Amino acid sequence: RRDQSVVPEDVVAEEKVAIKGTVMGPGCTVGSRSKLNNCVIEANVKIGPNCIIQNSVICAGATIEEGCSLNDCQVGTEFKVPASTKAKGESFAGGGE
């Protein structure tokens, strides 16, 4: 479902993905059973399966690995958020790996 969202045609959303109130850039992928709610997702972001991302900004080229739950977070450019990260109100930046 894509309610009140801006999702470019080249975004790859796997099965059972919910996207609400979210603006996405081109070249993104969203893994199966992930939910995006009220987010800004910049270009070429990779979101793994089983993620819940709410009220957050994900900068260009970032990777959110499987099973993450992010609420009110900011993820910097090219940053990799490790699998199963649970965070609220945090900023992730600084090159990732």
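The values are calculated or read from the model by the stated rules, or taken from the named source; none is laboratory data. Here the structure is a predicted model, which means the values were calculated and not measured. Heads up, the Cβs are rebuilt from the backbone with ideal geometry, glycines too, and the neighbour counts pull from every protein chain shown. These area figures cover heavy atoms from the full protein model, side chains too; ligands, DNA and RNA do not enter into them. Shrake-Rupley method; radii C 1.70, N 1.55, O 1.52, S 1.80 Å.
What is the percent carbon and sulfur in the accessible area of region 4-88, measuring with a 1.4 Å probe over the protein chains and ignoring ligands?
Values: 2040 of 4080 Å².
The nonpolar share, carbon plus sulfur, comes to 50 percent.
Before I look further, what does the chain give for accessible area per residue, probe 1.4 Å, in whole square angstrom? Don't skip to the answer; put the middle values down first.
Numbers: 5090 Å² over 97 residues.
On a per-residue basis, the chain sits at 53 Å².
Convert each backbone phi in region 70-82 into a coupling constant with the Karplus relation 6.51 cos²θ - 1.76 cosθ + 1.60 (shift: θ = phi - 60°), then list the ³J(HN,Hα) values in order as whole Hz, x for Gly and Pro.
10, 10, 6, 10, 10, 10, x, 4, 6, 6, 10, 8, x
What whole-number value in cubic angstrom gives the convex hull volume per residue for the C-alpha atoms of the chain?
Values: hull volume 6.3 nm³, N = 97.
Given the Cα convex hull of the chain, per-residue volume reads 65 Å³.
Please go through region 8-89 and write out the GluC sites (Glu not before Pro) that DSSP classes as loop and that have at most 12 other C-beta atoms within 10 Å. Please list the in-between numbers first.
On the way: sites: E9, E14, E15, E42, E65, E66, E78; in loops: E9, E14, E15, E42, E65, E66, E78.
Within region 8-89, the qualifying GluC sites (Glu not before Pro) (loop, at most 12 other Cβ atoms within 10 Å) are E9, E15.
Along Cα→Cβ, 7 Å out, is where each label goes; now give me the distance between the ones at I52 and R33 in nm to one decimal.
1.3 nm
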